[in-house]
Amino acid sequence: MRKLKNILVACCLLTVVGSPLSAQTQQAPIQNPMLWADVPDPDVIRVGDTFYLVSTTMHLMPGAPIMKSKDLKNWETVGYVFDRLTDSPKYDLQQGTAYGRGQWATSLKYHNGRFYALLAPNEQGAMGDTYIFTAEKAEGPWTILSRMRHFHDCSLFFDDDGRVYVIYGTGELMELKPDLSDVIEGTHQKIFEREADETGLLEGSRVIKHNGKYYLLMISQAYAPGRHRREVCYRADDIHGPYEKAVILESDFGGFPYVGQGTIVDTEHGDWYAIIFQDRGGVGRVLTLSPVRWLDGWPMIGDENGRVPETMRPLKSNQPATSIVNSDDFAGQKLAIDWQWNHNPVDAAWSLTERPGFLRLKTNRVVPNLYLAPNTLTQRMPGPQCSATVTLDVSHLKDGDCAGFAAFNDESGVLAVKKRGKKLFLEMSETSVQLTDRDKEVTKADEKVVESIPLSVSTIYLRIDADFRPNGQNRGYDAANFFYSLDGQQWQQIGTKDYHMRFDWRRFFMGSKFAIFCYATKRTGGYIDVDAFNFVLKP
């Protein structure tokens with residue numbers, strides 16, 4: 001079979017307003033959401049002329065992706081803070097799972113020539129320890145500097161006098177030892193008490209210092225009538241307080257709920273921008289970008305009306321187009337950087353070298369369903385619309401094996417090639433999983449087969465089209481459609497039309513992902529060869 005070419009698609013997903021530009025250098029307006037993909041809990045810093053962003057990817061490995069940009073428009077993934085987490089077999093999909101847990105709300109800093117990343121998995125016991133990683137370059141390699149007690153949604157902060165702090169929870173602070181090896185006991189302080197109007201959670205701490213003042217940005221989940229999710233700011237002349245508070249953003253956007261949680265960052269020229277996420281249905285939590293105006297010493301986010309703008313001008317012109325979702329022909333010596341495994345991979349059960357130019361996924365553990373299958377490989381499904389195709393050689397599957405392509409989440413639309421005896425079938429199914437609250441154990445996995453057809457070929461092409469446009473075709477929800485081809489040219493739709501993709505914070509807490517999988521339900525030893533993953537972003 002002729003190798004499909006890798007289609008590198010310029011998904012210019014993350015963009016920002018810039019300072020005034022001449023007519024000769026202006027680009028097309030930038031649309032919010034600036035990064036229409038699942039990139040929650042952002043922290044953004046600038047080092048010289050380069051911006052770096054870290055986001056939450058929870059149970060996906062490698063974790064804590066680092067992205068960079070010169071213009072706050074074109075972003076690319078350049079590394080990960082860690083390859084895997086190993087404190088529990090749950091990260092290996094055994095004795096429970098880490099769905100919706102794992103790495104959360106990483107704090108990214110640059111100090112004295114080094115990068116630092118602080119994160120605390122949303123877990124109990126040792127699994128919830130706070131990690132501090134460090135690296136000379138954002139691309140890595142990153143190494144663990146220390147581990148200490150759990151700090152929820154925390155922010156690392158290096159002060160001008162050399163002292164180091166972690167601010168976490170709802171306005172709590174502790175000082176760290178100068179070498180960051182642990183906390184200094186006895187330094188715990190509650191730096192403010194929430195006000196009566198803060199009826200919900202205050203979390204997502206991000207700390208900056210500007211013109212000698214300390215600013216703590218947090219999301220406020222205000223549940224009172226007429227109140228909404230919002231971004232608040234606490235400021236003080238001394239890091240220990242006293243603090244005063246202002247609401248710096250309270251804006252819905254694009255027909256979706258109110259925007260909240262993120263940070264602000266400055267440019268080389270002294271302009272400021274806010275990067276704040278918004279829950280947006282099946283695509284996940286997307287990033288918005290707004291101008292920041294310093295008014296009376298407060299970083300007020302949004303346009304002149306205090307709202308997230310629909311369009312903005314770019315910060316710079318003539319920057320190369322890059323993306324955080326890309327095609328892959330699997331011709332390299334290692335996986336493309338945009339891929340993440342669902343939980344820790346079994347390295348012995350995948351290969352790029354056993355059949356050069358192909359990704360081989362081998363069954364390695366007998367499991368009852370997709371949600372317990374090792375080595376499921378994922379990339380984000382971005383909006384407004386996107387499509388991806390995989391080419392699979394399924395000639396080496398064994399009886400009971402299941403392999404294919406999915407719009408993967410706790411509610412998944414699945415295209416699966418299944419081998420029963422000596423026969424192959426292609427099925428489109430709607431699958432869902434139920435998890436225990438504490439250990440995220442899979443207690444139930446339902447599979448509703450919508451359509452099944454026999455196969456008589458060894459190579460099949462599978463395609464998923466996703467539509468995340470608000471009220472796309474008047475549906476009012478995010479939809480996926482599923483297709484197959486026997487020659488890569490003629491396509492047939494199969495199964496559910498406009499499958500409803502959802503977001504559930506109680507289970508995966510994550511947007512839908514393109515996922516390639518291969519697992520055994522009877523015995524190991526089978527495998528598939530993936531010839532290509534071709535991705536297209538649509539307007």
Taking the stated definitions as given, is Leu287 more than 20 Å from Tyr215 (Cα to Cα) and open to solvent by less than 10 Å² (accessible area, probe 1.4 Å)?
yes
Tell me, please, whether a residue that is open to solvent by 10 Å² or more (accessible area, probe 1.4 Å), among the hydroxyl-bearing types (Ser, Thr, Tyr) and not in a strand (DSSP E or B) can be found in the stretch 138-161.
no
Can you name every residue in the stretch 265-275 that is open to solvent by less than 10 Å² (accessible area, probe 1.4 Å) and free of Cβ contacts under 8 Å to residues at least 60 places away in the same chain?
Ala274
Kindly provide the set of residues from the stretch 491-539 that are outside any strand (DSSP E or B), touching a Leu at 6+ places or on another chain (Cβ under 6 Å) and open to solvent by less than 10 Å² (accessible area, probe 1.4 Å), ordered by number.
Gly526
So which of Asp197, Asp238 ends up being exposed (fewer than 14 other Cβ atoms within 10 Å of the Cβ), over 28 Å from Arg101 (Cα atoms) and at pLDDT 95 or above?
Asp238
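Conditions (1) part of a loop (DSSP other than H, G, I, E, B); (2) within 18 Å of Phe508 (Cα to Cα); (3) among the β-branched types (Val, Ile, Thr); (4) touching a helix residue (DSSP H, G or I) at 6+ places or on another chain (Cβ under 9 Å), marked per residue:
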position	(1), (2), (3), (4)
Leu53	no, no, no, no
Ala64	no, yes, no, no
Asn74	yes, no, no, no
Tyr80	no, no, no, no
Asp87	yes, no, no, yes
So Met61 ticks every box in (1) surrounded by fewer than 19 Cβ atoms within 10 Å (Cβ to Cβ); (2) farther than 23 Å from Tyr273 by Cα but one. Which box is left unticked?
(1)
Which of the following residues is in contact with an Asp or Glu (Cβ under 6 Å, 6 or more places away or on another chain) and small (Gly, Ala, Ser): Ala515, Ala479, Ala466, Ala445?
Ala479
Six or more apart or on different chains, Cβ under 6 Å: which pairs go from a residue in the stretch 360-381 that's at positive phi and at pLDDT 95 or above to one that's aliphatic (A, V, I, L, M) and buried (at least 23 other Cβ atoms within 10 Å of the Cβ)? Could you list them?
Asn375/Leu361
Would you point out which residue out of Phe405, Phe425, Phe468 is aromatic (Phe, Trp, Tyr) and within 27 Å of Tyr91 (Cα to Cα)?
Phe405
Quick check, is Arg502 more than 26 Å from Arg285 (Cβ to Cβ) and touching a residue at least 60 places away in the same chain (Cβ under 8 Å)?
no
All positions within the stretch 78-111 that are among the polar types (S, T, N, Q), in contact (Cβ under 8 Å) with a residue 24 or more places away in the chain and either open to solvent by 10 Å² or more (accessible area, probe 1.4 Å) or at positive phi (or both):
Thr86, Ser88, Gln95
Any residue at all in the stretch 414-423 that is under 24 Å from Ala98 (Cβ atoms), modelled with pLDDT of 95 or more and either touching a Ser or Thr at 6+ places or on another chain (Cβ under 9 Å) or open to solvent by less than 40 Å² (accessible area, probe 1.4 Å) (or both)?
yes
The correct count of residues that are farther than 18 Å from Asn409 by Cα, touching a Leu at 6+ places or on another chain (Cβ under 9 Å), open to solvent by 10 Å² or more (accessible area, probe 1.4 Å) and outside any loop (DSSP other than H, G, I, E, B) in the stretch 352-388 is 1
Looking at the structure I just gave you, is Ala348 assigned to a loop (DSSP other than H, G, I, E, B), under 22 Å from Tyr527 (Cα atoms), modelled with pLDDT of 95 or more and open to solvent by 50 Å² or more (accessible area, probe 1.4 Å)?
no
Within the stretch 476-485, identify whether any single residue is outside any loop (DSSP other than H, G, I, E, B), farther than 25 Å from Gly284 by Cα and modelled with pLDDT of 95 or more, and answer yes or no.
yes
Members of the stretch 287-338 found to be assigned to a strand (DSSP E or B), among the aliphatic types (A, V, I, L, M) and more than 16 Å from Ile264 (Cα to Cα), listed by number:
Met312
Being among the aliphatic types (A, V, I, L, M), over 22 Å from Ile191 (Cα atoms) and at pLDDT below 95, is that true of even one residue in the stretch 282-301?
yes
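The values are calculated or read from the model by the stated rules, or taken from the named source; none is laboratory data. As the structure is a computational prediction, the values presented were derived from the model and not from experiment. As a convention, Cβ positions derive from the backbone with ideal geometry for all residues, glycine included, and neighbour counts pool all protein chains shown. Calculation scope for accessible area: heavy atoms of the full protein, side chains included, ligands and nucleic acids excluded. Shrake-Rupley method; radii C 1.70, N 1.55, O 1.52, S 1.80 Å.
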